[in-house]
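One structure is given here, and the rest of the page talks about it.
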Amino acid sequence: MDPLIWIDEQLDRLRQQDLHRELPQPLKTVGPTYQVDGRELLNFASNDYLGLASDPRLVEAAAQSLQETGLGRGASPLICGRSTGHFELERQLAQFENTEAALLFASGFAANTGTIPALTGADDAIYSDAHNHASIVDGCRLSSAVIHIYPHNDVNSLECLLQAGQKYRRRLIVTDTLFSMDGDLAPMPQLGKLAEQYDAMLMVDEAHATGVFGEHGRGVVEHFSTEHPQLHQQVHVRVGTLSKAIGAAGGFVCGSQSLIQWLTNRARTYVFSTAQPAPTSAAASAALKIITSEPTKKRRNLLRTAAKLRKKLQAQDWNTGDSASQIIPLYIGPAQKTMQLAQQLRDRGCWVPGIRPPSVPEGKSLLRLCLSAAHDEKMLARVVEALAVIRKT
């Protein structure tokens, strides 16, 4: 008997529940459109929020680095894998985030799953938002700490948990700042106050906000810091990714010098992973220079465009929830209906992915539109028209 026969049985069950996933057609390049089976589809699935993933300046920087350094690094950063490009990018990230130091990880997922267990253990407690990304969830599970899940963005419930948790050695509050499925923002000023009041560490993941929010593109913490300047000091650990608005690959953590030294010694996903290829760091470095040197017009326009699109979709009676960003969910409910609508949109030339469990809870499936600065008004008009037609059917 084949000991893996259970896999086929479970895959059949996923198909029956409309939860089975198939790999999409490969894309040659990332952009606002892509070709599949001879048809051009508008791409509302990508997290390339600033349209930098295929920017010639990033490509040139990566190509030059490839010629100078080669591709693979041959070892973990602690052995001999760290390049001058990695060093420069970490320096640049620390300056960008206005922190003392930064540390590169192979991915944003690795940054979270490495950092959380390095900060907490069996004698500690973690307070995690119910809608946090899977990388945060897995990092919490790996920590051996007591995990408290508070209702999404519910600071009152979080405070009750903190009041009842005086017995722990250390306590960590961890949250996304921009939630990837809902498109809404964490209540950072309130979280900062609670962390300070209850002597807790505060860790944020700015993955979907870096490059988009804040006067300098640092994210949601900077966005709120305009009216709450103390927030910058109240946030102790900043996690981000280089693979979304920055258009490259990899993850990073920014904070105090002592924090980065500790993670260098204790974050297992850093210590035991081969360093990322230097060309990806070169591309990320080029992207950061673009983000910091070019006017804020691009990201402001992106958020204004998203607000206008939300209003148009709400006028069609789509439920967009509390979205306040370039991520716009359309809450549907059943997985089957969600995937039917996603297919109808594809038939009309728009790639808007259906999001199903386990990415969202059972019965909470949705369509997710991710806007990019590369989308023009004609593209947005086409998806609005397609959704209007589908809404009437």
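Hand me the list of helices (runs of 4 or more DSSP H) wholly inside the stretch 155-237 holding 2 or more residues that are out of contact with any strand residue (DSSP E or B) (no Cβ under 9 Å at 6 or more places or on another chain), touching a residue at least 12 places away in the same chain (Cβ under 8 Å) and not assigned by TED's automatic domain parsing to the domain that holds A373.
Values: elements: 155-163, 188-197, 220-225, 231-234.
In the stretch 155-237, the matching helices (runs of 4 or more DSSP H) lie at 155-163, 188-197, 231-234.
Quick check on my filter: what residues within the stretch 137-166 are within 12 Å of A186 (Cβ to Cβ), among the hydrophobic types (A, V, I, L, M, F, W, C) and within 19 Å of the chain's Cα centre (by Cα)? Before the answer, list the steps.
Kept after step one, since they are within 12 Å of A186 (Cβ to Cβ), are these residues of the stretch 137-166: 150, 152-155, 158.
If we keep only those that are among the hydrophobic types (A, V, I, L, M, F, W, C) too, we end up with 155, 158.
Within the stretch 137-166, none qualify.
Anything in the stretch 181-234 that is within 28 Å of S285 (Cα to Cα) and among the polar types (S, T, N, Q)? List them, or say none.
T210, S225, T226, Q233, Q234
Could you please find all residues in the stretch 247-267 being within 21 Å of the chain's Cα centre (by Cα) and farther than 18 Å from S83 by Cα?
The answer is G247, C254, G255, L263, A267.
With (1) touching a helix residue (DSSP H, G or I) at 6+ places or on another chain (Cβ under 7 Å); (2) surrounded by fewer than 19 Cβ atoms within 10 Å (Cβ to Cβ); (3) not in a helix (DSSP H, G or I) as the list, and G363 as the residue in question, which single condition is left unmet?
Tallying (1) touching a helix residue (DSSP H, G or I) at 6+ places or on another chain (Cβ under 7 Å); (2) surrounded by fewer than 19 Cβ atoms within 10 Å (Cβ to Cβ); (3) not in a helix (DSSP H, G or I), G363 fails exactly one: (1).
Tally time: how many residues in the stretch 52-78 are surrounded by 13 or more Cβ atoms within 10 Å (Cβ to Cβ), of a type in the set (S, T, N, Q) and either assigned to a helix (DSSP H, G or I) or over 25 Å from the mean Cα position of the chain (by Cα) (or both)?
3
With respect to E22, determine if the residue is in the same structural domain as N301 (by TED's automatic domain parsing) and out of contact with any helix residue (DSSP H, G or I) (no Cβ under 9 Å at 6 or more places or on another chain).
no
Restricting attention to the stretch 181-205, which residues are over 30 Å from G333 (Cβ atoms) and charged (D, E, K, R)?
K193, E196, D199
I need the full set of residues from the stretch 167-203 which are over 17 Å from the mean Cα position of the chain (by Cα), among the charged types (D, E, K, R) and within 28 Å of I327 (Cα to Cα), in order please.
Passing the criteria: only K193.
State all residues of the stretch 262-277 that are in contact (Cβ under 8 Å) with a residue 60 or more places away in the chain and over 27 Å from S65 (Cβ atoms); if no residue qualifies, say none.
W262, R266, R268
Take the conditions assigned to a strand (DSSP E or B) and of a type outside the set (K, R) and apply them to H148. Does it pass?
Against the criterion (assigned to a strand (DSSP E or B) and of a type outside the set (K, R)), H148 qualifies.
Looking for whichever is in contact with a Leu (Cβ under 6 Å, 6 or more places away or on another chain) and more than 25 Å from A248 (Cβ to Cβ) here; the options are H148, H131. Which one fits?
From the options H148, H131, the qualifying one is H148.
Answer yes or no: is there a residue in the stretch 79-89 that is in the same structural domain as A278 (by TED's automatic domain parsing), part of a loop (DSSP other than H, G, I, E, B) and basic (K, R).
Of the stretch 79-89, the ones in the same structural domain as A278 (by TED's automatic domain parsing) are 79-89.
Still in the list and also part of a loop (DSSP other than H, G, I, E, B): 82-83.
Narrowing the set further to residues that are basic (K, R) leaves 82.
Yes - at least one qualifying residue is present in the stretch 79-89.
Which one is farthest from I79 (Cα to Cα), of the residues in the stretch 254-280 that are modelled with pLDDT of 95 or more and among the aliphatic types (A, V, I, L, M)?
If we take residues in the stretch 254-280 being modelled with pLDDT of 95 or more and among the aliphatic types (A, V, I, L, M), then L259 is farthest from I79 (Cα to Cα).
Restricting attention to the stretch 229-244, and to residues there that are in contact with a Leu (Cβ under 7 Å, 6 or more places away or on another chain) and among the hydrophobic types (A, V, I, L, M, F, W, C), which single residue is surrounded by the most Cβ atoms within 10 Å (Cβ to Cβ)?
Here the residue is V235.
Sort out which residues of the stretch 331-357 are in a loop (DSSP other than H, G, I, E, B), farther than 20 Å from R39 by Cα and either within 23 Å of the chain's Cα centre (by Cα) or not assigned by TED's automatic domain parsing to the domain that holds W318 (or both), and write them in order of number.
Those that are in a loop (DSSP other than H, G, I, E, B), farther than 20 Å from R39 by Cα and either within 23 Å of the chain's Cα centre (by Cα) or not assigned by TED's automatic domain parsing to the domain that holds W318 (or both): R356, P357.
Among all residue pairs at least 6 apart or on different chains, which show Cβ distances below 7 Å where the first residue, located in the stretch 358-371, is in the same structural domain as L42 (by TED's automatic domain parsing) and the second is hydroxyl-bearing (S, T, Y) and modelled with pLDDT of 90 or more?
S365/T338; L366/Y331; L366/T338; L367/T338; C370/S46; L371/T305
Within the stretch 108-138, take every residue that is in contact with a His (Cβ under 8 Å, 6 or more places away or on another chain) and assigned to a loop (DSSP other than H, G, I, E, B) and give me the one that is nearest to A207 (Cα to Cα).
Checked the stretch 108-138; the qualifying residue nearest to A207 (Cα to Cα) is H131.
Could you go through the stretch 377-384 and let me know if any residue there is assigned to a helix (DSSP H, G or I), of a type in the set (K, R) and free of Cβ contacts under 8 Å to residues at least 40 places away in the same chain. Break it down stepwise before answering.
Of the residues in the stretch 377-384, the ones assigned to a helix (DSSP H, G or I) are 377-384.
Going one step further and asking which of them are of a type in the set (K, R), we end up with 378, 382.
Narrowing further to those that are free of Cβ contacts under 8 Å to residues at least 40 places away in the same chain: 378.
Looking through the stretch 377-384, at least one residue is assigned to a helix (DSSP H, G or I), of a type in the set (K, R) and free of Cβ contacts under 8 Å to residues at least 40 places away in the same chain.
Among the residues that make up the stretch 20-31, is at least one of them closer than 26 Å to G183 by Cβ, of a type in the set (A, V, I, L, M, F, W, C) and not in a loop (DSSP other than H, G, I, E, B)?
no
The values are calculated or read from the model by the stated rules, or taken from the named source; none is laboratory data. Treat the numbers as computed from the prediction; the structure is a model and nothing was measured. Glycine gets a Cβ as well: all are built from the backbone with ideal geometry, and neighbour counts include every protein chain shown.
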